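The values are calculated or read from the model by the stated rules, or taken from the named source; none is laboratory data. The model shown is predicted, which means the values in this text are computed figures rather than measured ones. All Cβ positions, even for glycine, are placed from backbone atoms using ideal geometry, and neighbour counts span all protein chains on display.
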Amino acid sequence: MTDQDIDQVIKQAIDPSASHHARVSLIPMLVAAIRADLSPQPKVKPLVWEGLVSGPYEIIMTADGTADLYNYGSRDEDGEPEFMQGGYLTLISIDGFKAIAQADHDSRILSALE
């Protein structure tokens, strides 16, 4: 189904002059279009964390209550690991850092597959 087909079906489904039966009969087509649009993306294995390290990602905590997330798999122009996120642990949690690392990991893997 093309985007134009989907737009046409949606217009018909919300047309107040159409009968209830006509609108309900469009539901299977809408479901099929949604399923096609949501076709499964390639799955990326989740990062496995051992403490504050997972693959190239590391969370470094300091005594003053801050933490920084680094990606050692990517280096900046000075050869230092890529700084991804930093902040006070009262504003961002360790799980928040892990979610940022996972999103970055997923993005890099999926873009490499394209």
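Take the residues in the stretch 92-114 that are among the charged types (D, E, K, R) and buried (at least 16 other Cβ atoms within 10 Å of the Cβ), then tell me which one is modelled with the lowest pLDDT.
In this case the residue turns out to be D106.
The number of residues in the stretch 92-114 being closer than 17 Å to G51 by Cβ and not in a helix (DSSP H, G or I) comes to 1. In the stretch 93-114, the residues that are outside the structural domain of Y57 (by TED's automatic domain parsing) and under 13 Å from P56 (Cα atoms) never reach a residue that is at pLDDT below 85 and surrounded by 12 or more Cβ atoms within 10 Å (Cβ to Cβ) with C-beta atoms less than 7 angstrom apart, at least six apart or across chains. Looking across the stretch 63-79 at every residue that is of a type in the set (A, V, I, L, M) and surrounded by 11 or more Cβ atoms within 10 Å (Cβ to Cβ), the one that is farthest from V48 (Cα to Cα) is identified as A67.
Does D15 satisfy the criteria of being surrounded by 11 or more Cβ atoms within 10 Å (Cβ to Cβ), at pLDDT 75 or above and over 28 Å from I109 (Cα atoms)? Taking the combined requirement at face value, the residue satisfies it.
Results for (1) on the phi > 0 side of the Ramachandran plot; (2) modelled with pLDDT of 90 or more; (3) exposed (fewer than 14 other Cβ atoms within 10 Å of the Cβ); (4) among the aromatic types (F, W, Y), shown as yes or no for each residue.
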site	(1), (2), (3), (4)
S19	no, no, yes, no
A33	no, no, no, no
L38	no, no, yes, no
K43	no, no, yes, no
P46	no, yes, yes, no
P81	no, yes, no, no
G87	yes, no, no, no
T90	no, no, yes, no
